[in-house]
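Quick note: the coordinates plus some simple rules give every number you see, no bench work behind them. Keep in mind that what you see is a predicted model, and the values were worked out from it rather than measured. All Cβ positions, even for glycine, are placed from backbone atoms using ideal geometry, and neighbour counts span all protein chains on display.
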Amino acid sequence: MKVKTDAIVLRHPANVRAATGIDCDNAWVVEDAAGTCLYTDFRYIPMAHRVAPKLKVRDIRKVSVKGRRIGYESTLTMAEFAALRRFAPRGAKFIDRTREILARRAVKRPEEIEKLRAAVALNDRIWQTASRRFKAGMTEKAMARVIRGLMLELGDGEAFDTIVCVGANAAECHHVPDGTVWNGREPVLVDMGVKLDGYCSDMTRCLRPVRPRGLYAKVYDLVLAANRAAIAAARPGMTGKALDKVARDIIRKGGFGQCFGHALGHGVGLEIHEAPSASKASDWVLAPGMFVTIEPGVYLEGNLGVRIEDLVLITETGCEVLSTSEK
Ligand code: ZN
Ligand code: ZN
């Protein structure tokens, strides 16, 4: 049974931004019957007055939380939790409200949908420009710098550290770009997302300059089939677990079930990973206005790696694929 709370306290910057419109890394937001109050420090107070003129803004040294049952986020550090106890009345109960707080951000408002569309469209453009600039002899780091440079020039930088994997390095699904030199013929896996107006994008493509054959071609076709099947299946009312299973079953039947070690996808918004998740254990229910990645992958250590990732928007009847880059 859900226990009612007298107040909800937010600390995580993405939740602070979602509740107040203010981007700052040192704030507490207290929501109670009296309304919403942002507590922040001297550096952010003038910006808060400008961005949200109607919001109650107070000095962070004076945080006070009233009530006996206080809802909090599980991302608090021990020190932050200790601070929260000092802000609240003696004997107050603390109730984990992470799920409810994340759920608020899972369904996007129309203006957020437009911002996410713009971020995804820009990410596609950057991929098209960057991939044409890749030349034999470049290192993974150099290729990542091309992408990062375009993201800074055209957007607000990277939503996460760009992943570039030449050849067998793609078997490490979160490989850190290094000095590996590209010979111009090997496949290159790139996982990238530009940030724009506070919102993230996320896409993975495998550049294949030479028509792949053998095992690589077999794995690529299987991952693509899993990606397409999940896109065809995604619809409101479905759980994240059921969506994950659609792709996972295809990869398992293809003989590579043990080589798909991560979740099918995750929500994207103010943060690169947010609700809803589409994993084996996810009980999030998809709803119109949610964004989720569809990113099956197969990784064979020391040999090859393939991941194909699109960002989709759940609609009334199914989903709309926002990533338009060729796959
Ligand atoms: Zn990604
Ligand atoms: Zn992703």
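Data overview
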| item | result |
| --- | --- |
| Residues with amide H under 5 Å from that of Thr239, placed H, sequence gap 5 or more | Leu286 |
| Cα-centre dipole for segment 157-308 with unit charges at Cβ (Lys and Arg positive, Asp and Glu negative), debye to 20 | 860 debye |
| Cα lying deepest toward the dipole's positive end in the chain, options Leu116, Leu304, Ala52, charges on Cβ | Ala52 |
| Listed residues Ala106, Thr36, Gly254: farthest to the positive end of the dipole of the chain (Cβ charges) | Thr36 |
| Inter-site label distance for Ile60 and Glu316 at 7 Å from Cα along Cβ, in nm | 4.4 nm |
| Per-peptide average of other Cβ atoms within 10 Å, ordering 130-137, 286-293 highest first | 286-293, 130-137 |
| Estimated vicinal HN-Hα couplings, Hz - segment 33-46 in sequence order (Karplus 6.51, -1.76, 1.60; Gly, Pro = x) | 4, 7, x, 10, 10, 9, 10, 9, 9, 2, 5, 9, 4, x |
| When the convex hull of its Cα atoms is projected in every direction, mean area for segment 62-180 (nm²) | 11.7 nm² |
| Anisotropy class of segment 1-121 from Cα gyration tensor, a/c 1.5 cut | oblate |
| Per-residue HN-Hα couplings for segment 155-163 [Karplus 6.51, -1.76, 1.60; θ = phi - 60°; Hz; x = Gly/Pro] | x, 10, x, 7, 6, 7, 5, 4, 9 |
| Which of Leu243, Val223, Met78, positive extreme of dipole for the chain (C-beta unit charges) | Met78 |
| Distribution of pairwise C-alpha distances over the chain, 10 Å bins, in % | 6, 24, 28, 23, 14, 5, 1 |
| Electrostatic dipole magnitude of segment 108-186 [Cβ: Lys, Arg +1; Asp, Glu -1; Cα centre; debye, to 20] | 300 debye |
| Prolate/oblate/rounded call for segment 126-186, Cα gyration tensor, a/c under 1.5 rounded | oblate |
| Gyration tensor verdict on segment 131-261 (Cα atoms; rounded if a/c is under 1.5, prolate if a/b is larger than b/c, oblate otherwise) | oblate |
| For His266, distant residues with modelled amide H under 5 Å away | Ala278, Thr293 |
| 10 Å Cβ shell holding at most 11 others, DSSP loop, GluC sites (Glu not before Pro): longest site-free stretch of the chain | 1-300 |
| For segment 100-140, the Rg and Dmax computed from alpha carbons only, in angstrom | 16.6, 50 |
| Ellipticity estimate at 222 nm from DSSP helix runs (n ≥ 4, -39,500 (n - 2.57)) divided over the chain, nearest 500 | -10500 deg cm²/dmol |
| Fraction of antiparallel bridges per DSSP, the chain only, in percent to nearest 5 | 80 percent |
| Vicinal HN-Hα couplings computed from phi for segment 278-291 (Karplus, 6.51 cos²θ - 1.76 cosθ + 1.60; Hz; Gly/Pro x) | 10, 10, 4, 9, 6, 9, 4, 9, 5, 9, x, x, 8, 10 |
| Given charges at beta-carbon only (K, R positive; D, E negative), |dipole| of the chain in Debye | 680 debye |
| Degrees separating the helix 110-133 axis from the principal Cα axis of the chain, which is the longest one | 30 degrees |
| Estimated FRET transfer efficiency when R0 is 51 angstrom, pair Asp96-Lys141 (beta carbons, to 0.05) | 0.80 |
